[in-house]
1. Tally the residues that are buried (at least 16 other Cβ atoms within 10 Å of the Cβ) and in contact (Cβ under 8 Å) with a residue 12 or more places away in the chain, restricting the search to the stretch 49-63.
2. Being surrounded by 15 or more Cβ atoms within 10 Å (Cβ to Cβ) and touching a residue at least 12 places away in the same chain (Cβ under 8 Å) is the filter here, so list the residues in the stretch 97-108 that pass it.
3. In the stretch 122-140, what residues are loosely packed, with under 15 Cβ neighbours inside 10 Å and either more than 32 Å from the chain's Cα centre (by Cα) or in contact (Cβ under 8 Å) with a residue 40 or more places away in the chain (or both)?
4. Kindly list the number of the only condition in (1) assigned to a helix (DSSP H, G or I); (2) modelled with pLDDT under 90 that fails for residue 160.
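The values are calculated or read from the model by the stated rules, or taken from the named source; none is laboratory data. On a predicted model such as this, the values are computed, not experimentally measured, just so you know. In this analysis, Cβ positions are derived from the backbone assuming ideal geometry, glycine residues included, and neighbour counts consider all displayed protein chains.
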């Protein structure tokens with residue numbers, strides 16, 4: 001008996017009942033595990049994006065490389081599996097970081113920095129294993145291995161780039177309802193504690209701001225021109241030192257009726273009266 005043809009060349013319908021049931025079961029498990037529709041839909045959404053990109057590349061290369069529908073089915077299933085797994089890994093890490101009180105940006109960075117390295121290692125392991133199918137020497141297995149490896153590589157890239165971006169889009173909705181309620185209660189309790197602290201000690205807050213300026217103003221006193229050492233009616237330019245009382249000459253002739261600045265030792269000049277000799281060493285010697 002002679003049999004021709006190849007069983008691997010038989011066409012398989014894409015998007016059959018098996019794939020649909022698998023996706024529905026994965027969605028139910030994710031919702032029950034994560035407790036949030038957004039958190040459960042995020043791994044599925046990114047997995048679908050990765051599968052769409054991979055399937056488009058396979059469809060474009062099907063003609064030149066002779067890829068069959070079996071290769072497409074294998075790439076589809078592998079893309080969904082690793083895409084959901086890797087996105088779920090990073091999402092869980094992000095939720096853990098948020099539970100520790102970190103901001104969304106910092107939590108996303110830490111999730112990619114820690115869980116992302118594990119995702120890269122896992123993806124590289126699967127990629128090498130699938131590419132290793134070419135060692136067998138069977139052309140069809142080689143094509144299947146290369147297609148699956150491409151789907152895994154795309155899933156890793158999507159998990160490292162698209163998943164953190166979606167964290168910024170959905171924000172707190174990635175967390176479960178219990179986590180959101182706990183976060184809101186913690187924020188309200190922290191704000192209430194600060195308000196009670198300030199309200200219970202109202203004079204402690206302004207004292208640190210008003211006390212030093214008030215003490216400085218009291219020590220310097222009012223800006224009264226009468227207390228200045230500059231004589232009234234004179235102008236002092238910026239940068240000119242204030243004249244001291246000892247620098248005023250004692251024997252200088254002044255016009256009658258002129259007043260000496262306060263604080264000087266110059267004798268008063270009156271009409272018809274000679275100025276008295278200043279007290280000094282000469283007058284002391286004359287007295288002796």
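1. Selection size over the stretch 49-63: 7.
2. 97, 98, 104, 107, 108
3. If the condition is that a residue be loosely packed, with under 15 Cβ neighbours inside 10 Å and either more than 32 Å from the chain's Cα centre (by Cα) or in contact (Cβ under 8 Å) with a residue 40 or more places away in the chain (or both), then 125, 128, 129, 132, 135, 136, 137, 138, 139 are the ones that fit.
4. Exception for residue 160: condition (2).
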